[in-house]
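A short worksheet on the structure shown next.
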Amino acid sequence: MLILTTGGTIDKVYFDAASEFEVGEPTVPHIFQEVGADLDYELVSLFRKDSLEMADADREEVRRVCEESAQSQILITHGTDTMAQTAEALMGVEGKVIVLTGAMAPARFRTTDAVFNIGTAVGALQTLDEGVYLAMNGRIFKAGEVRKNREAKRFEES
């Protein structure tokens, strides 16, 4: 399995009550260690960006890495604001199962959806057919058929 990290809330580190933050090191290896996951994976940290900072060139780079990877299962951690847009940019990558996930609260927080979303994404990678998906809020969505509902703080079919 290839794990690509792009930043986003899942990897954010907050410094003070004014919510100053920066995207820190990838948290997926720490999550795997905490839950005792025995998985063979390669980790590539592409970016440390808030997803609102992601540009089309960044999405092209994510796509290029996916296409060139020898791995057929690819997990991408991503900020939630533009995750659906990046998933759409990956549609049509052949011979791969690609699952994007993230979190509404940083993985470093005591209360976070990160661990649940990563677990859902890993399970999806092992069971889904070729394609691009999002794993959020305990559900799997097909790329191009999902949107973030900011008010409800969840993803839903579009």
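Look at (1) modelled with pLDDT of 95 or more; (2) within 22 Å of Val146 (Cα to Cα); (3) of a type outside the set (A, V, I, L, M) and you find that Asp50 fails only one, number (1).
Kindly establish whether Ala70 is within 17 Å of Val23 (Cα to Cα), out of contact with any strand residue (DSSP E or B) (no Cβ under 8 Å at 6 or more places or on another chain) and at pLDDT 95 or above. Answer is no for this residue.
This table checks each residue for (1) touching an Asp or Glu at 6+ places or on another chain (Cβ under 8 Å); (2) of a type outside the set (S, T, N, Q); (3) surrounded by 14 or more Cβ atoms within 10 Å (Cβ to Cβ).
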{"site": "Phe32", "(1), (2), (3)": "no, yes, yes"}
{"site": "Gly36", "(1), (2), (3)": "no, yes, no"}
{"site": "Leu43", "(1), (2), (3)": "no, yes, yes"}
{"site": "Leu46", "(1), (2), (3)": "yes, yes, yes"}
{"site": "Ala55", "(1), (2), (3)": "no, yes, no"}
{"site": "Arg64", "(1), (2), (3)": "no, yes, no"}
{"site": "Asp81", "(1), (2), (3)": "yes, yes, yes"}
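Among the residues of segment 104-153, the ones that are under 19 Å from Lys12 (Cβ atoms) and basic (Lys, Arg) come to 5 in all.
Listed here are the residues, each with its yes/no results for (1) touching a residue at least 12 places away in the same chain (Cβ under 8 Å); (2) within 17 Å of Thr5 (Cβ to Cβ); (3) in a loop (DSSP other than H, G, I, E, B); (4) within 15 Å of the chain's Cα centre (by Cα).
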| position | (1), (2), (3), (4) |
| --- | --- |
| Leu52 | yes, yes, no, yes |
| Arg64 | no, yes, no, no |
| Thr80 | yes, yes, yes, yes |
| Ala103 | yes, yes, yes, yes |
| Pro106 | yes, yes, yes, yes |
| Asn117 | yes, yes, no, yes |
| Ala124 | yes, no, no, yes |
| Tyr133 | yes, no, no, yes |
| Ile140 | yes, no, no, yes |
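Regarding Met91, is this residue of a type in the set (A, V, I, L, M) and within 23 Å of Pro29 (Cα to Cα)? The answer is no for Met91. Taking the listed residues Val97, Val13, Val23, the one that is surrounded by 12 or more Cβ atoms within 10 Å (Cβ to Cβ) and in contact (Cβ under 8 Å) with a residue 40 or more places away in the chain is Val13, with no other qualifying.
The values are calculated or read from the model by the stated rules, or taken from the named source; none is laboratory data. All of these numbers come straight from a predicted model, not from anything done at the bench. In this analysis, Cβ positions are derived from the backbone assuming ideal geometry, glycine residues included, and neighbour counts consider all displayed protein chains.
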